[in-house]
Amino acid sequence: MTERIVIVGGGTGGTVLANRLSERLEPELDSGEVEVVLINDGEKQYYKPAYLYVPFDKKDVSDATKPITDLLPRDVQFRVDRVESVDTDRKQVTLASGGGLAYDQLVLATGANLAPDNVPGLAEGGHHFYGPDGAEALKEELAEFREGHLVLSVIGVPHMCPAAPVEFTLMADDWLRKRGLREDVEITYTYPIQRPHGLQSIADWVTPIFEERDVNVKTFFNVESVDPDAQRLETMEGKELDYDLLVGIPPHEGSDLIKEAGLGDSGWVDVDQHTMEAEHAEDVYAIGDAADVPTSKAGSVAHYEAGTVADRIATRIRGGVPTATFDGKTVCFIETGMDEATFVSFEYGSEPTMREPSKPIHWAKLGYNESYWLTARGLI
């Protein structure tokens, strides 16, 4: 009888996992003992970190898009469909196109969803770079921005690419300076906790940089609503902040699919942080942003988690005892301007060591951006 592995989600984690399974289970796939099915609600994958560069006209949204079929091996079945429900007792997913699909092993890689409507006025009064339309609209606004108050406000955590708001702020500062506009633009960065980043070491590192660059920092700043007409942020703490251009990082949500399946009340799957196995169902895993683990919602995390899950599934299918574990490994480039960057790496329970920013690290990040699609195919 054929063992069916179903992957829901065609982002970084989903395609890396599919490629890893294809490598590890090649004989079983060739013989028909195993089949791998990847389901995604669209035909394309989007490399979201590239959107950071779109507002500064350094990337085009088309650079961040590829057909998922280009990223998968031939022995992986790809279906464009929407999974509407998961029955973990019957081990079956229900599809929007009709009918159900049984699974033996299920991996949820459903990502995170932007929820700007959770904050009254944010969708009308703010911009962001976390999607193609938002990044393009922000590019148009930034191109015409000559003076006034630019506010970057992180509205809710967790969010994808945790360093990106810091990057955007430092890149905007440098971009404006290079155009002779910085003296006419005030920049303020806000964050909802008592420091400017969730990781203490990054917060300690960026604080003096913000001071040196004359970037105002407001912490413990939890935006409750946005008044688009008055161009004002209002917070739960009773504070107000006026702006001329608002870059608001929207709240993020998990999936209703996950909640309704009983896999996580928050919309993120409750998993063992080392095995990525769901805590409330057997033979179910979660990777990437969908998994509730104590580390960043970043592409590198999904990549390394996918390798662990591929090893565990392959070992289990072959009758062995899985031993592969995920240690929380996270790697991240952080742009500190338009032509310099730094690089961090860390694991569960550790803080990253901050490196001196440099042009070579910036070039390395640009190089990785160009080669990302090899990562999505599981080649690097």
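Observations
- Hits in region 245-268 - residues which are among the small types (Gly, Ala, Ser), modelled with pLDDT of 95 or more and either within 17 Å of the chain's Cα centre (by Cα) or not assigned by the TED database to the domain that holds Thr325 (or both): Gly248
- The set of residues in region 88-119 that are within 29 Å of Gly156 (Cβ to Cβ) and of a type in the set (D, E, K, R) contains only Asp117.
- Put simply, of Phe168, Phe145 the only residue that is within 13 Å of Leu52 (Cβ to Cβ) and aromatic (Phe, Trp, Tyr) is Phe168.
- Counting only strands (runs of 3 or more DSSP E) wholly contained in region 1-60, the ones carrying 1 or more residues that are of a type in the set (S, T, N, Q) occupy 34-40, 44-46.
- Arg74 assigned to a loop (DSSP other than H, G, I, E, B) and either surrounded by fewer than 20 Cβ atoms within 10 Å (Cβ to Cβ) or on the phi > 0 side of the Ramachandran plot (or both): yes
- Sole exception among (1) open to solvent by 20 Å² or more (accessible area, probe 1.4 Å); (2) at negative phi; (3) not in a helix (DSSP H, G or I) for Gly98, by number: (2)
- Pairs meeting the criteria (first residue in region 10-29 and without any contact (Cβ under 8 Å) to a residue 12 or more places away in the chain, second residue open to solvent by 20 Å² or more (accessible area, probe 1.4 Å), beta carbons under 9 Å, at least 6 apart or on different chains) are Pro27/Glu33.
The values are calculated or read from the model by the stated rules, or taken from the named source; none is laboratory data. Since the structure is predicted, the reported quantities are computational estimates derived from the model, not experimental observations. Here Cβ is always computed from backbone atoms with ideal geometry, including for glycine, and neighbour counts include all displayed protein chains. The accessibility values were calculated without ligands, DNA or RNA, using every heavy atom of the protein model including side chains. Shrake-Rupley method; radii C 1.70, N 1.55, O 1.52, S 1.80 Å.
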